[in-house]
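Below is one structure, written out as structure tokens, with a few remarks after it.
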Amino acid sequence: MKKIFTLLMALLMLAPAYADLQKKLDKKLEKAQEKEMKEKKKAYQKGGWEIMGSRTMDVALLKHYSKLNELGDEGLVFDGTAQNTKSKNIAEQMALNNATIKYAQKAGSTVKGRVISDIMAEGTANEAEFEKFYAAYERLVEQNVKNVLIPSYSVIKQNPDGTYEVQSFFIVDESKARVARLAALEKAIRETELAQEYASKVSDFANDRIEE
């Protein structure tokens, strides 16, 4: 009992020091993000990019970073691009489609990498069977991921020929993305009738973090 009391007292004494350290780290992060936002804004302006919509560049970037801070380690950024498009609205939709395809391809390659390292290494798996599975999984992720890619902001510039280029940025809540990937993966397993001996192993791969 005495040891527990001593430990509790030690923790209480350390708490203010920990809180002070956390404040300092938060302040450093805030300064680093302010610097990053300024550099990003400067780069956009230098490249002839303007923010799309009614917000200013400062507000759009501030909201973007605030949302990332809110999500913490669960927040990821994916971007999509569109080039040589005559309509601003079509360009923005094309950028979303580009980001969706990119995310699905990343998800597919992540699972494929795990299959090769964790299953194919055993030398008993049917490679052709897995190729069908990868294709199905990628397609199904692409169908589901639009609900996971949350639009953050888009920048646009006009080319000399009058067409537009758009870069759109999306925030992914990884906790929700894992659920969507698992649903796509389980459906791909059923669709391709992947051997049951591999199904449980492959299902775990949906938890792997997808980085841009």
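Values quoted throughout were computed directly from the atomic coordinates according to the rules given, and no laboratory measurement underlies them. Keep in mind that this is a model prediction, so the values were computed, not measured. Virtual Cβ from ideal backbone geometry, glycine too; neighbours counted across all protein chains shown.
Calculate, in nm to one decimal, what Asn147 and Leu29 gain on full extension: separation in residues at 0.36 nm each, minus their alpha carbon distance. Write out the running numbers ahead of the final one.
On the way: separation 118, 0.36 × 118 = 42.48 nm, distance 2.94 nm.
That pair, Asn147 and Leu29, stretches by 39.5 nm at full extension.
Subtracting the Cα-Cα distance from 0.36 nm times the residue separation, let me have the gained length for Ala135 to Asn84 in nm, one decimal. Before the final figure, lay out the partial values.
Values: separation 51, 0.36 × 51 = 18.36 nm, distance 2.93 nm.
15.4 nm is the gain from fully extending Ala135 to Asn84.
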Can you list the residues of region 74-113 with backbone N under 15 Å from a point 7 Å past the Cα of Asn126, pointing along Cα to Cβ? none
With 0.36 nm assigned to each residue of separation and the Cα-Cα distance removed, Ile101 to Glu74 gains 7.6 nm
Using a Debye calculation, one point per C-alpha and no hydration shell, please list log10 I(q)/I(0) for region 100-179 at q = 0.14, 0.21 Å⁻¹ in order. -0.63, -0.96
Distance in nm between label sites at Lys40 and Asp208, each 7 Å beyond Cα in the beta-carbon direction? 2.8
Where does each of 158-171, 97-110 land if you order them by average Cβ count within 10 Å, highest first? 97-110, 158-171
